[in-house]
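The values are calculated or read from the model by the stated rules, or taken from the named source; none is laboratory data. The model shown is predicted, which means the values in this text are computed figures rather than measured ones. Don't worry about glycine lacking a Cβ; one is built from the backbone with ideal geometry, like all the others, and counts go over all protein chains shown. For accessibility, only protein heavy atoms count, side chains too; no ligands or nucleic acids. Shrake-Rupley method; radii C 1.70, N 1.55, O 1.52, S 1.80 Å.
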Amino acid sequence: MRAAVLGSPIVHSLSPHLHRAAHEGMGLHDWRYEAIECDEAGLPGLLAGLDGDWAGLSLTMPLKRAVLPLLDTVSELAVQVGGANTVILRDGARHGDNTDVYGIVRALAEAGVAPPRAATVLGGGATAASALAALRELGLDEAILVVRDPTRAGETVEVAERLGMDLSVRTLDKLDTALEVDLVVSTLPSGAADGFAETLADVPALFDVVYAPWPTRSAAAVAGRGGIVVGGFPMLLHQAVRQVEMMTGRADVPVEAMREAGKAEIARRSAPAERPSRGGRDDSV
């Protein structure tokens, strides 16, 4: 069987290392998982060319939203979030789902973060949408969204409406007014939150979706004041675990083997001669 992660750019994807470790640990030696460069324009043709040997696909941006009209069925969660990071290919049909939300919930639980009474999300993209869905699953019916430009957060606001959540939108220059919360989720790109490290330092818990370089300045600041810090790698790991379960139909996924494979690859890339050209994020890659 075959599977792959699609996106553009895709060269630094961690998904092959995670999925291959899972297949090896599960004895699926006849499975093949690869990374395929694919943009929105190329997605319809690629999907049309997949045969019965394909079990599924992992998707990163910009394909999570673009894939929705190309699917036969879509889970309610993926509809609410407005994006599918997973496509299951079975019986000639394409089923879209979202495992990012599962990844966030599992990452927070693994780190010992209690369900928050109030939370703030930084950033207004696809990962922010998944973060809102995760907060809703954890029991919140309202949240604060902090963005640089509110006019570009329309899709995320619509996600909150579909989830039945009340969303207060504020700008980054007023971040200090949005931190009377138990949890801050930063979905900002690598380096984008560095200037707010001191402002964020006293929050009880920070989930920063960046996984390399790690820790980010904000994560280091929060940890330095005794707060709980969660990086992007645990989310990436657990969303991949769920993908493997869905693609293989098996529950015996070797989580720790996947964790070690991912950490080893991140460490390899962090070596001076191997350092990637861009910071690592979650984005299912």
All but one of (1) at pLDDT below 95; (2) β-branched (Val, Ile, Thr); (3) out of contact with any helix residue (DSSP H, G or I) (no Cβ under 8 Å at 6 or more places or on another chain) hold for Thr73; state the number of the condition that does not hold. (1)
Taking into account only those residues within the range 219-276 that are of a type in the set (Lys, Arg) and in a loop (DSSP other than H, G, I, E, B), which is least open to solvent (accessible area, probe 1.4 Å)? Arg250
For the range 155-210, which fully contained strands (runs of 3 or more DSSP E) count at least 1 residues that are open to solvent by 10 Å² or more (accessible area, probe 1.4 Å)? 166-171
Could you grab the pairs with beta carbons closer than 8 Å, sequence gap of 6+ or different chains, first residue in the range 64-82 and touching a residue at least 40 places away in the same chain (Cβ under 8 Å), second one among the basic types (Lys, Arg)? Val79/Arg162; Gln80/Arg162; Gly82/Arg65; Gly82/Arg162
When you scan the range 36-45, do you find a residue that is surrounded by fewer than 23 Cβ atoms within 10 Å (Cβ to Cβ), within 26 Å of Leu135 (Cα to Cα) and without any contact (Cβ under 8 Å) to a residue 24 or more places away in the chain, even just one? no
Scan the range 115-130 for residues that are among the hydrophobic types (A, V, I, L, M, F, W, C), open to solvent by less than 10 Å² (accessible area, probe 1.4 Å) and not in a helix (DSSP H, G or I) and report the count. 3
Glu24 - would you say it is under 19 Å from the mean Cα position of the chain (by Cα), modelled with pLDDT of 95 or more and open to solvent by 60 Å² or more (accessible area, probe 1.4 Å)? no
Could you go through the range 131-154 and let me know if any residue there is β-branched (Val, Ile, Thr), over 17 Å from Leu206 (Cβ atoms), open to solvent by 20 Å² or more (accessible area, probe 1.4 Å) and in contact with a strand residue (DSSP E or B) (Cβ under 7 Å, 6 or more places away or on another chain). no
Could you tell me which residue of the range 182-198 is nearest to Gly139 (Cα to Cα), considering only residues that are touching a residue at least 40 places away in the same chain (Cβ under 8 Å) and in contact with a Lys or Arg (Cβ under 8 Å, 6 or more places away or on another chain)? Asp182
Here are some residues: Ala251, Ala192, Ala153. Which one is among the hydrophobic types (A, V, I, L, M, F, W, C), on the phi < 0 side of the Ramachandran plot and modelled with pLDDT of 95 or more? Ala251
Which one of these does Leu18 not meet: (1) in contact with an Asp or Glu (Cβ under 7 Å, 6 or more places away or on another chain); (2) among the aliphatic types (A, V, I, L, M); (3) under 18 Å from Val253 (Cβ atoms)? (1)
Unique residue being of a type in the set (A, V, I, L, M, F, W, C), out of contact with any strand residue (DSSP E or B) (no Cβ under 8 Å at 6 or more places or on another chain) and surrounded by fewer than 22 Cβ atoms within 10 Å (Cβ to Cβ) when the list is Val79, Val101, Val74: Val79
Of all residues in the range 229-245, how many are more than 16 Å from the chain's Cα centre (by Cα) and within 16 Å of Gly25 (Cα to Cα)? 1
